[in-house]
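One structure is given here, and the rest of the page talks about it.
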2 protein chains.
Amino acid sequence: MADLARRFAENPLVRPGDVRPSREGLDVQLTLNPGVFRWQGKVYLLMRVAERPKQVEGFVSTIVTDPDAEGGVRILRFRLDDPGLDLTDPRIINYQGTTYLSSISHLRLAWSQDGVHFQVADKPTLVGTGPLESYGVEDARVTEMEGTFYITYTAVSENGIGVGLITTTDWQAFHRHGMILPPTNKDTALFPERVGGMYVAFHRPIGVWLGGPYIWLSRSPDLLHWGDHACLARTIPNSWEEQRLGAGGPPIRTPEGWLEIYHAANFEHRYCLGALLLDLDDPSQVLARSKEPIMEPTAAYERQGFFGEVVFSNGHVVDRDQITVYYGASDEIICGATLSIREILDSLGM
Amino acid sequence: MADLARRFAENPLVRPGDVRPSREGLDVQLTLNPGVFRWQGKVYLLMRVAERPKQVEGFVSTIVTDPDAEGGVRILRFRLDDPGLDLTDPRIINYQGTTYLSSISHLRLAWSQDGVHFQVADKPTLVGTGPLESYGVEDARVTEMEGTFYITYTAVSENGIGVGLITTTDWQAFHRHGMILPPTNKDTALFPERVGGMYVAFHRPIGVWLGGPYIWLSRSPDLLHWGDHACLARTIPNSWEEQRLGAGGPPIRTPEGWLEIYHAANFEHRYCLGALLLDLDDPSQVLARSKEPIMEPTAAYERQGFFGEVVFSNGHVVDRDQITVYYGASDEIICGATLSIREILDSLGM
């Protein structure tokens with residue numbers, strides 16, 4: 001079993017029960033996939049918190065934001081015995097051909113002195129706003145450059161799934177920069193510095209008809225407008241990464257190249273982590289790529305849960321050789337593990 | 001029948017038989033969907049020309065570019081009796097779950113003194129280049145600003161379908177600016193001037209899972225990098241535009257607003273043209289939209305052909321009130337028709 005991760009004995013670090021609902025009548029269903037950063041001596045998680053209405057027997061209920069509705073939200077309720085209802089995938093409610101999410105996500109901070117024991121904010125930090133986020137915001141990546149934190153996240157609505165950008169310097173005042181990558185896109189992580197004078201990002205469009213859910217690289221003069229798109233890594237038939245793949249957190253500069261921990265899934269929706277090594281001066285050049293995963297769902301809490309057989313990381317902190325990844329396990333809880341940069345590079349043959 | 005178009009008696013204006021193949025062994029199968037511009041007193045079409053290998057009995061053959069192959073192209077041939085072959089859609093070859101185009105397209109100029117009788121260039125003007133265009137280039141839009149022609153086109157490869165940008169001032173030297181919008185995207189038309197200091201474009205991403213093939217609007221400081229994406233027009237259930245829609249050529253400035261002729265299809269893949277009117281100062285504001293098509297496939301050559309029941313325009317010239325649209329009919333031939341701006345605005349209730 002190829003697995004270079006040393007899991008925390010304290011896992012899970014954050015569970016749905018640790019989080020206060022954002023409003024009366026909602027349950028916190030999932031805590032997962034945090035963006036991670038260091039600030040003022042602490043480790044911070046910008047977690048995805050998924051909520052749904054308290055469920056009523058015989059029905060399934062979900063929630064969307066709606067500025068015209070009372071309280072700004074609308075509850076949707078479907079009879080479980082309605083033949084038009086399809087709940088095959090626990091993440092979505094399909095009703096008569098229309099897709100709704102089974103929950104709505106916001107982003108919420110948690111912080112820790114030791115990186116293991118976390119205190120969770122009482123309230124959401126960022127919630128979906130406007131017509132491109134009516135189904136919520138998900139899976140933030142956080143990159144700090146020169147004192148500003150850049151938050152790239154998945155904006156979800158009936159218009160599609162794209163990538164939004166929010167910046168802050170103090171985690172109190174936030175500046176919204178709109179959608180920076182149009183549908184269908186997610187898994188966008190910014191490089192922590194300019195390369196050749198340009199900002200660089202990973203992203204994950206979906207090729208329909210041709211192509212697929214591949215990792216792409218793009219460049220920007222200002223972080224708001226993106227171009228020079230290039231395909232960086234594709235799925236590999238008959239492998240652990242045959243179905244989809246996407247970037248994790250910001251890449252890590254090493255003497256050998258930019259090291260990126262990414263996720264990939266097979267056709268059974270088993271999500272593992274792998275590594276990419278990219279040229280320091282031209283990160284569109286892939287120097288090495290994992291043949292086997294560097295982390296797989298092996299612990300019981302990674303194998304069973306809301307959506308089992310999933311490890312998914314989009315944030316980490318680095319101390320010399322040690323990467324501490326914070327990750328969603330079974331799409332339900334937040335866990336931690338450490339990886340050695342040297343061991344990852346060795347696994348890549350570097 | 002809602003149809004405001006006056007078709008040219010001379011239609012079709014360009015047919016596949018009018019075009020010399022780009023190389024030995026290929027047949028020109030389709031001529032369609034031209035970008036249109038005026039230059040040096042003539043009307044120019046930048047046509048899409050689709051070619052495929054001369055077909056051999058018992059087989060279907062297609063072609064892709066491949067820098068490692070002799071002559072830079074590779075011929076793919078499939079036995080017609082192979083059970084893994086699916087030719088249901090004439091535009092694609094599906095073999096054992098992998099999709100190929102049934103032809104490869106390049107862009108080629110044609111020109112005319114009177115806008116009706118066209119002379120076709122002997123050779124391709126622009127061909128697919130590099131890993132993002134190995135399946136060709138399609139459906140160009142041409143916008144002139146300050147003496148530079150901006151060509152936005154569909155770049156097709158096994159990596160996906162995205163939007164490329166090429167510029168020229170003399171139609172001899174071309175500058176390639178790479179992919180400006182990542183997969184899955186097409187139908188990108190630039191506004192002919194900046195609005196509020198920014199360049200503006202229509203584009204047509206595909207929302208997967210949520211959203212759909214809708215018209216979006218984006219802004220750019222430099223035409224190379226795009227952001228501030230907003231959804232402009234969605235499909236409308238149980239209508240002529242229930243399945244997909246996308247922008248046509250560059251929008252036309254009128255005193256009432258930006259007038260855009262767009263295409264849309266129903267679930268039977270019947271493609272019609274409609275009109276959108278957008279606020280002059282903030283084109284993300286839709287002032288009016290066609291309830292019924294302004295042009296429908298009604299002529300015999302629009303109803304029958306390679307892909308019947310299609311009128312599709314991505315280019316036009318304007319003389320005061322008169323728009324001359326050049327359009328692909330049945331995805332096979334290029335035709336012309338005139339429309340009155342006043343009549344379109346009247347149909348929008350303006």
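The values are calculated or read from the model by the stated rules, or taken from the named source; none is laboratory data. All values derive from a computational prediction rather than experimental measurement. Methodologically, a virtual Cβ is constructed for each residue, glycine included, from the backbone with ideal geometry; neighbour enumeration extends over all protein chains shown. Quick note on the areas: whole protein, heavy atoms, side chains included, nothing else; ligands and nucleic acids left out. Shrake-Rupley method; radii C 1.70, N 1.55, O 1.52, S 1.80 Å.
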Report task. Return yes or no: is B:Gly97 over 28 Å from B:Thr143 (Cα atoms) and out of contact with any helix residue (DSSP H, G or I) (no Cβ under 8 Å at 6 or more places or on another chain)? Result -> yes
**Report entry** Filtered residues of the stretch A:74-96 (kept if closer than 15 Å to A:Glu158 by Cα and free of Cβ contacts under 8 Å to residues at least 12 places away in the same chain)
**Finding:** A:Arg74, A:Ile92, A:Asn94
Requested in this report: Name every residue in the stretch A:204-244 that is among the β-branched types (Val, Ile, Thr) and more than 18 Å from the chain's Cα centre (by Cα), in order of residue number.
Outcome: A:Val208, A:Thr235, A:Ile236
Query raised in the report: Within the stretch A:128-156, which residues are without any contact (Cβ under 8 Å) to a residue 60 or more places away in the chain, open to solvent by less than 20 Å² (accessible area, probe 1.4 Å) and among the small types (Gly, Ala, Ser)?
Result: A:Ala155
Query raised in the report: For the stretch A:1-45, how many residues are within 20 Å of A:Val318 (Cβ to Cβ) and without any contact (Cβ under 8 Å) to a residue 24 or more places away in the chain?
Result: 1
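Take the stretch A:87-108 and flag every residue that is charged (D, E, K, R) and either open to solvent by 90 Å² or more (accessible area, probe 1.4 Å) or modelled with pLDDT of 95 or more (or both). Step through it out loud before you land on a result.
Taking the stretch A:87-108 as the starting set, the residues that turn out to be charged (D, E, K, R) are A:89, A:91, A:108.
Result: A:Arg108, single match.
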Query raised in the report: Can we say A:Glu260 is among the acidic types (Asp, Glu) and outside any strand (DSSP E or B)?
Result: no
Query raised in the report: Limited to the stretch A:238-263, what total is found for residues that are more than 19 Å from A:Pro297 (Cβ to Cβ), out of contact with any helix residue (DSSP H, G or I) (no Cβ under 7 Å at 6 or more places or on another chain) and open to solvent by 30 Å² or more (accessible area, probe 1.4 Å)?
Result: 3
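Scanning the stretch B:164-214 for residues that are among the small types (Gly, Ala, Ser) and crowded, with 17+ Cβ neighbours inside 10 Å, which turns out farthest from B:Leu278 (Cα to Cα)?
B:Gly178
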Query - Near pairs, Cβ below 6 angstrom, 6+ apart or cross-chain, from the stretch A:334-350 (touching a residue at least 12 places away in the same chain (Cβ under 8 Å) and of a type outside the set (Gly, Ala, Ser)) to any residue that is open to solvent by 20 Å² or more (accessible area, probe 1.4 Å) and assigned to a strand (DSSP E or B) - result: A:Thr338/A:Arg6; A:Thr338/A:Gln322
Query - Test: residue in the stretch A:46-60 that is without any contact (Cβ under 8 Å) to a residue 60 or more places away in the chain, in contact with a helix residue (DSSP H, G or I) (Cβ under 8 Å, 6 or more places away or on another chain), under 20 Å from A:Val127 (Cβ atoms) and among the charged types (D, E, K, R) - result: no
Query raised in the report: Is there a residue being in a strand (DSSP E or B), touching a residue at least 24 places away in the same chain (Cβ under 8 Å), of a type in the set (Gly, Ala, Ser) and surrounded by fewer than 20 Cβ atoms within 10 Å (Cβ to Cβ) anywhere in the stretch B:109-127?
Result: yes
**Report entry** Index of the failed condition, A:Gln29 passing every other in (1) crowded, with 16+ Cβ neighbours inside 10 Å; (2) within 30 Å of A:Gly115 (Cβ to Cβ); (3) in contact with a Phe, Trp or Tyr (Cβ under 7 Å, 6 or more places away or on another chain)
**Finding:** (3)
